[in-house]
């Protein structure tokens, strides 16, 4: 396949404007999206609580790719390409489980939990199993959240995580667990799904339920007043109020900001009332929500009592999955400490809205008459995505 | 995407023969078909009776394109690309309706019925809404039939319509309304559907019901005798008997000819009996049917008591829709003035035949062993289509 | 469409290793696979018993291609492209039948059983039907098995068949008939299905039922012992024990070898017991199975009492069909001479296994992280396939 002509794509890109049709519609661009952007970006694959015991593993797929994340006998976590080093079969077929080794279902090549090839039959002399371990990916465990990157030289992330660590410490994210996962399939290129998340210009119009409670990314006087009112409450609850915003080529994008909810909302709930036990060491509800981004592709909203993880996975050029993961404090039990439907309500209805508007966006972008228009003052996040895309894809 | 290599396609084209496999099978050709042929051709989108009141609109889709046709407050009709000038969302999601403005469902950019951008929030200084109206298309209203063209310089059509006007005047097409619309999906490239309509070489073999009553395009002595017998009847009914045939590069193809039905047939009905009230100022049935083409893509059969519009819409490279629209005199009521099933019978069964033969044609054309053969003496319309295709696509 | 860049593909091919991702994933490679490999290879299309009477025909499809195999009034068998010489419609729509002529369903061009164009209406002067017969394919009838090749100069096969003839003579394959045909659809490129058949490295791991009874292609001491024990039994049954192995560029691949089943197995059955009447002139069960390949794409397993034909047909780039055909001695009747379910059990369960492992192979090969690994000592058949592929595709 042709490599993407990054130069011509960049040339077509007019800063401050949306991207042209080919960015979403050209088949060769989709190929390079996976190869040159996704496979060089940091990707959030799960939480360490999903693989607690030695031998536990999970499999994370995106586009044509599949990654095994496994805890070995020493308790260390590793990430490997789920592709046999022999003739390329998927090695691990289950989405999660516990195992002693990974045995390829085709010819029984057998890999250790560390990815090392233990055994392959009939390979003749001169074959050294040490040369044929599963390809490994870089992995970072940040407060229990697991991120991988397949690039040889991943974008800088360690300094960034060190910067974020004290800010998220009060939530004790390590001490959370997945309460629910939902997937929304949308017949659109993944980039339109990412762009949609990068801006809240559409929120007032398209997310009536969200807009009733959230001021996130909404500029203007009212928000500033709310923000000033929230800060003492945040400090009282034990939360720092600094903002982090790192958009630099060659580095994983970072964003951290606590936004105020509207008065009467303690968390992202229908009624405004709390949904679950407070996270971490929080001393109370500050009526805020943290917008947290660790790499463009990995987004989290941290309320005082739960966290929502959001991602947009390519399935094919014209199909994507919006995946939403709800986290609560470890030990919290459904039906006792929280109500499942109440917990998931807001981001379920919001995701249904998103599926609809992204789908209509794609329908229009298919037209040869689509002319990329100017971004609004609330869509700076989209420009940040474009910058990251070109920076990472250029390799 | 690569532009179609018109030169090499032309080179492969051997006049008097069918076109080679790539014409139908190459993905890049399909892209250019929409961009360079459909988007520069006149396309019949509807009838003014479908948007009678100010604020009435209809949406017409073909391939990846979508067009809004709307009547503004002054009663004028305009046509616009259904693509938001911001980030490309479809603006209008309904197939038809009545509205005061078009509000984009994504970020609420709001457009007037004339396409002008009325309002966009948060766009900062220097943003002039006047620069961001919906892109407009050329529009012609010919006897109530609405045609659009997205090209900057559309193929000549006005002189042609002036030439046709006196011929179709007796039918008073402005004074008709849609009685029924039917869609037949066929797993074939749209060009095979167009070619199928361009010739009646297949009629005797594939359309037994049609061939029982219609002599259309069938040469030979019998037809000429029938034609000579019809002419006095046509004149008596108030119909001119001239023929119009314009196949010229740079101009919309025009064809107008009154053909005789076989004896005993007053119209395109199962029994030969009349189906509906006479159209326009006709004084009686002449036992004829008019073959009317206004641009290669837009075909009509005008009987004395109803009209059938025929079009072939690309859905994707290997899928098309045959769309058939039946018109009767305005005011004629189903169940009283005409029987719905009788009215639609002939072109329903004929379209089912067409779906089948076009599908089998496509199956064969997929073969690498397909060698384009010579066109028969009855397939001159196909050659006319090829000429128009190359002429328009060359831009 | 671009021609496959055979040179760059060859360059990427590292002998002794699997092929890289593009070999299976690039759309332009699939186009050339059909055009340059399949359409130049010998393909097994059926058995003469399927078209016994004059006028009998069968239609064999692969990828976008369709072939008519018909017996004419003189009893001779011919093969023709199922593509009308006019505008390319499929001519014959039934999978099999008996007819006097082939009439194209589009414009009624009428072809003789010999492919000659008998009649075409309205073609004007200068049209010579003799120029427009159905395109014919080379055809060979080997012991009743019918093979076709669309190439102008097919790979050498006659010397090869002469070499095989005495070896298969005792089975009297001409005197067999189809007992059952089963099709297994697999979402994978056809090459992965072929490769899977070319090696039995996976058998021990993936085909537990097969591996219980078959030693085929399994090297090592035990097999040799079994083989030595079988040879006298084979000779006693009337079967030669020579091996034929021809892997030469420009010639159809040939392979013939009688392999021992494990002790207690007379044939490829669940229990080891015989399934059907002995084939041909065999005097008894030798406890063996013949692996017969006539061209890479055409594979047969000949037991003493039945034969199984195996093929792997492209449907699209990412979809294939595994087709399995069971043959028994002509005259043998289901329910009397053999039990249908017992006869088909082994290769039904084995094909289900194959569908699964090929599918998982494809899933992994989609990954941009797939690195072709070394072939095992049991996968020499895959290298033979690659050699044939490059040799034939180079034309």
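Relative to the longest principal axis of the Cα atoms of chain C, helix C:340-365 runs at roughly 80 degrees. Ranked from shortest, the separations from the 7 Å Cα-to-Cβ label point of residue B:96 to its equivalents in the other copies are 5.2, 5.2 nm.
FRET efficiency for the pair residue B:271 and residue B:380, taken as 1/(1 + (r/R0)^6) with r the Cβ-Cβ distance and R0 = 35 Å, rounds to 0.60.
Seen against the Cα atoms of chain B and their longest principal axis, helix B:221-237 is set at about 70 degrees.
If the chain between residue B:281 and residue B:76 were fully stretched, how many nm would it gain, using 0.36 nm times the residue separation less the Cα-Cα distance?
Values: separation 205, 0.36 × 205 = 73.80 nm, distance 2.66 nm.
Residue separation times 0.36 nm, minus the Cα-Cα distance, leaves 71.1 nm.
For the range B:43-142, averaging the sequence separation of C-alpha pairs within contact (under 8 Å, six or more residues apart) and dividing by the residue count gives a relative contact order of 22 percent. On the principal axes of its alpha-carbon atoms, chain C has extents of 74, 54, 35 Å, going from largest to smallest. With contacts taken as Cα pairs under 8 Å and at least 6 residues apart, the range A:196-325 reaches a relative contact order of 19 percent.
What is the calculated FRET efficiency for residue A:169 to residue B:101, with r their C-beta to C-beta distance and R₀ = 45 Å, to the nearest 0.05? Walk me through the numbers before you get to the answer.
Details: r = 50 Å, r/R0 = 1.11.
Efficiency computed from Cβ-Cβ geometry: 0.35.
Relative to one another, the C-alpha centroids of the range B:81-109 and the range A:286-343 are positioned 31 Å apart. Sorted from longest to shortest, the spans of the Cα atoms of the protein assembly as shown along the three principal axes equal 98, 98, 51 Å.
Given R₀ = 30 Å, FRET efficiency for residue C:128-residue C:316 by Cβ-Cβ distance, to 0.05? Let's see the in-between values first.
Values: r = 38 Å, r/R0 = 1.25.
Efficiency for this residue pair is about 0.20.
Beta bridges from DSSP with both residues in the protein assembly as shown: antiparallel share about 95 percent, rounded to the nearest 5.
Report note on the peptides C:48-56, B:36-44: ranked by the mean count of other C-beta atoms within 10 Å, highest first, their order is B:36-44, C:48-56.
Against chain B, whose longest principal axis comes from its Cα atoms, helix B:380-393 is set at around 20 degrees. Comparing Cα centroids, the range B:127-202 and the range C:361-395 end up 53 angstrom apart. Mean partner shielding of peptide B:75-87, defined as the number of other chain Cβ atoms within 10 Å of each residue Cβ, is 5. Copy-to-copy label distances for residue C:185, where each label lies 7 Å from Cα along Cα-to-Cβ, are 1.5, 1.5 nm in order of increasing length. Sorting B:352-363, C:108-119, C:225-236 by average packing, meaning the other beta carbons within 10 Å per residue, from highest down gives B:352-363, C:108-119, C:225-236.
Inter-copy label distances at residue C:244, using a point 7 Å along Cα-to-Cβ, come to 7.2, 7.2 nm with the shortest given first. For B:312, A:127, the sequence from fewest to most other C-beta atoms within 10 Å is A:127, B:312.
Could you sort B:14-22, B:343-351 so that the peptide with the highest average Cβ count within 10 Å comes first and the rest follow in order?
Numbers: B:14-22: 16.7, B:343-351: 20.6.
So the order, starting with the most tightly packed, is B:343-351, B:14-22.
Between residue B:151 and residue C:183, the modelled labels are 4.4 nm apart [label points 7 Å from Cα along Cα→Cβ].
Distance from the C-onto-B rotation axis is smallest for the Cβ of the chain C residue given, in whole Å, as C:27, 5.
Per-residue shielding of B:370-382, expressed as the average number of other chain Cβ atoms within 10 Å of the residue Cβ, stands at 6. Placing a pseudo-label 7 Å from each Cα along the Cα-to-Cβ vector at residue B:7 and residue C:390 gives an inter-label distance of 3.5 nm.
Across peptide C:19-27, how many C-beta atoms of other chains are within 10 Å of each residue C-beta, on average?
2
Given an 8 Å cut-off on Cα distances and at least 6 residues of separation, report the relative contact order of chain A as a percent.
Details: 795 pairs, mean separation 78.5, N = 395.
The value is 20 percent.
Readers should treat all values here as calculations from the given coordinates under stated rules, not as data from a laboratory. Everything quoted here is computed from the prediction, not taken from an experiment. Don't worry about glycine lacking a Cβ; one is built from the backbone with ideal geometry, like all the others, and counts go over all protein chains shown.
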